Amino acid sequence: MKIQVLLDNPDSWMVDYAKQLDDILKKKFDIKVNLIFKHEEVVKGDILCLLSCEKVFNKLNLNTYNLVVHESYLPKGKGWSPLTWQVLEGSSEIPITLFEAAEKIDSGIIYKQDFIKLKGDELLPEIKHKQGVKTIELIVDFIENIDEVNGRDQVGEETFYHKRGPKDSELDINKSIIEQFNLLRVCDNERYPAFFTLKGKKYIIKTYKDE
């Protein structure tokens, strides 16, 4: 079985989990995963996993299966950063869907759905760790049961999340910390840290746990 994993951002946090997936598949099925960082390097094969891709991959005819993992109960929550938006909404049980890539974004047939469970005190690195672990679990389960795969169409009303930008990390100086704790939890301390503006000055806030 030829399995490829495409991550079109070599600096993505998901790279470490793609390597873990490779290790697991080697030990469990004696299968080597080919990690790819450029769309044009994808070749004909059995399974292509599109993990944390920032651009749309169009050559879906090259592989029998083109797997995508999305943190929402599709067709609800299509679009960008669904896990982050749901944490901001106060959710502690985040749906996660393994589905087939299609020409229309986030619209392919669904293979499996599960949940990422949060206690409510996790900061972004812990949240992403749970996301990475569950992503691996879904893909390994798919491969383990590939002979019984039976996808289903998406049913119901679709909703969309918009792409987050630096402005989405802004704190409201008139609100309490507890009111904005979920925002502090999902801000990336390096790439898009929380901030507030006061008297024309911008102040950066980085949040860490004191273990």
Consider Leu83 carefully, then state whether it is aliphatic (A, V, I, L, M) and either surrounded by fewer than 20 Cβ atoms within 10 Å (Cβ to Cβ) or without any contact (Cβ under 8 Å) to a residue 12 or more places away in the chain (or both). no
Taking the stated definitions as given, is Glu100 of a type in the set (Asp, Glu) and buried (at least 18 other Cβ atoms within 10 Å of the Cβ)? no
Looking at region 124-137, can you tell me whether even one residue there is surrounded by fewer than 19 Cβ atoms within 10 Å (Cβ to Cβ) and of a type in the set (Gly, Ala, Ser)? no
Out of Glu179, Glu211, Glu158, Glu144, I need the residue that is of a type in the set (Asp, Glu) and within 20 Å of Leu83 (Cβ to Cβ). Which one? Glu158
For Leu98, indicate whether it is touching a helix residue (DSSP H, G or I) at 6+ places or on another chain (Cβ under 6 Å) and more than 29 Å from Glu170 (Cα to Cα). yes
Of all residues in region 50-61, which are hydrophobic (A, V, I, L, M, F, W, C) and within 13 Å of Ala102 (Cα to Cα)? Leu50, Val56, Phe57, Leu60
Which listed residue is surrounded by fewer than 17 Cβ atoms within 10 Å (Cβ to Cβ) and either at pLDDT 95 or above or at positive phi (or both), from Phe29, Phe37: Phe37
Hey, among Lys76, Lys117, which residue is touching a residue at least 60 places away in the same chain (Cβ under 8 Å) and either open to solvent by 60 Å² or more (accessible area, probe 1.4 Å) or among the aliphatic types (A, V, I, L, M) (or both)? Lys76
Considering (1) within 26 Å of Phe99 (Cα to Cα); (2) touching a Lys or Arg at 6+ places or on another chain (Cβ under 7 Å); (3) free of Cβ contacts under 8 Å to residues at least 60 places away in the same chain, say which one Thr159 fails and leave the rest. (3)
Against the definition (at pLDDT 95 or above, of a type in the set (Val, Ile, Thr) and surrounded by 17 or more Cβ atoms within 10 Å (Cβ to Cβ)), how does Val68 come out, yes or no? yes
Of the residues in region 169-194 that are touching a Leu at 6+ places or on another chain (Cβ under 8 Å), more than 11 Å from Thr207 (Cα to Cα) and not in a loop (DSSP other than H, G, I, E, B), the one that is least open to solvent (accessible area, probe 1.4 Å) is Ser169
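The values are calculated or read from the model by the stated rules, or taken from the named source; none is laboratory data. Given the structure is predicted, the values throughout are model-derived calculations rather than measurements. For neighbour counting, all protein chains shown are included, and Cβ atoms are generated from backbone atoms with ideal geometry for every residue, glycine included. Note: areas computed on protein heavy atoms with side chains; ligands, DNA, RNA excluded. Shrake-Rupley method; radii C 1.70, N 1.55, O 1.52, S 1.80 Å.
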